[in-house]
C-alpha cells in the first residue's frame with residue numbers, strides 16, 4: 001500500500017467551520033474499480049480532517065489489488081475517532097461500498113453515527129441556486145473552485161488498470177490527485193449549505209407535520225430504525241416511505257433505498 005499525507009491551508013470562513021462543527025467531521029471519498037461491490041475493489045481512499053487550524057488529507061492507495069485490505073484497515077483505524085463523516089453522494093455509493101468490502105475481508109467496521117451527504121443536502125435546491133447539474137464538479141464551479149485535476153471518476157478505472165500493468169508513478173499520481181481534490185473540496189461546499197440555510201427565498205417542500213407524525217408512528221409500530229433522517233425528508237420521500245410501510249414493507253434497508261430512489 002502507498003500512503004501519502006498532506007497539510008493544506010483552508011481559506012474557509014471560521015463562522016462556517018464553527019456553525020457546522022467541521023473540526024469534528026471526517027471528509028472522505030473512495031475510488032473503486034467498478035460498481036460490483038462483491039467483485040470490484042476499492043483502489044484508493046482519501047480522508048480529510050481539520051487539525052490545529054489546517055486541513056490534513058491522508059490517502060491510502062492499493063499498489064496491488066491485494067493491498068485493498070491494508071487500505072481498508074488503515075482508513076478504518078484513522079476514522080475511529082470521528083462520530084461524523086461527510087461525503088458527496090456517499091450514502092448511496094461510498095458507505096455501502098466500504099461496508100461490503102469490509103465484510104468481504106472480515107474486518108469489523110462501525111461507521112460514524114452521522115453521515116452528512118452534501119449531494120442530498122444540495123440536490124433539492126440546485127435549480128433555485130442556478131446550478132445546472134448537481135454533480136460534484138458543477139457544484140464546485142458554482143463557488144469558484146478551479147481544479148488542478150482534469151479527469152473524471154470514470155477514467156480512474158482505466159488508469160488504474162494501466163498502473164497495475166506498468167507501475168507508472170505518474171499514472172498513480174494522476175489518480176491520487178483526482179481523489180485528493182474530491183476530499184479537499186468538501187469543506188468548501190458548506191458555503192452552499194450556509195447560503196441555503198440563510199436565504200429565505202430558497203424553499204423546498206419539506207415533510208409536513210402530519211406526514212412526520214404518521215411516519216414516526218408507523219416506524220414505532222413496526223420497531224424500525226432508519227438511517228435516513230426522517231425530519232429532513234421531502235414530502236415526496238416521506239410519501240414513498242409511508243406508502244411502502246402501509247403496503248407491508250418493514251425492511252429498514254429497503255425503505256432507506258425507497259427514500260433514496262424517491263429523492
Exercise. Restricting the search to the range 20-32, which residues are out of contact with any helix residue (DSSP H, G or I) (no Cβ under 7 Å at 6 or more places or on another chain) and in a helix (DSSP H, G or I)?
Worked result: 24
Seminar exercise, completed: Requiring at least 3 residues that are surrounded by 18 or more Cβ atoms within 10 Å (Cβ to Cβ), the helices (runs of 4 or more DSSP H) wholly within the range 33-133 are 68-79, 94-104, 118-122
For this session: Scan 202, 192, 175, 196 and give me the residue that is in contact with a helix residue (DSSP H, G or I) (Cβ under 7 Å, 6 or more places away or on another chain) and not in a helix (DSSP H, G or I).
Result: 202
Seminar exercise, completed: Residue hits (the range 117-128; in contact with a helix residue (DSSP H, G or I) (Cβ under 9 Å, 6 or more places away or on another chain) and either without any contact (Cβ under 8 Å) to a residue 40 or more places away in the chain or under 26 Å from residue 75 (Cβ atoms) (or both)) are 117, 118, 119, 120, 121, 122, 126
Exercise. On the given criteria, is residue 10 part of a loop (DSSP other than H, G, I, E, B) and touching a residue at least 40 places away in the same chain (Cβ under 8 Å)?
Worked result: yes
Problem set entry | Subset tally (residues that are within 18 Å of residue 117 (Cβ to Cβ) and in contact with a helix residue (DSSP H, G or I) (Cβ under 6 Å, 6 or more places away or on another chain)) for the range 235-253 | 5
Problem set entry | Considering residues of the range 223-246 that are in contact (Cβ under 8 Å) with a residue 12 or more places away in the chain and not in a helix (DSSP H, G or I) only, the residue surrounded by the most Cβ atoms within 10 Å (Cβ to Cβ) | 233
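No value in this document is a laboratory result; all are computed from the given coordinates. Everything numeric in this text was worked out from a predicted model, so none of it was measured. Cβ coordinates were reconstructed from backbone atoms using ideal geometry, including for glycine residues, and neighbour counts include every protein chain displayed.
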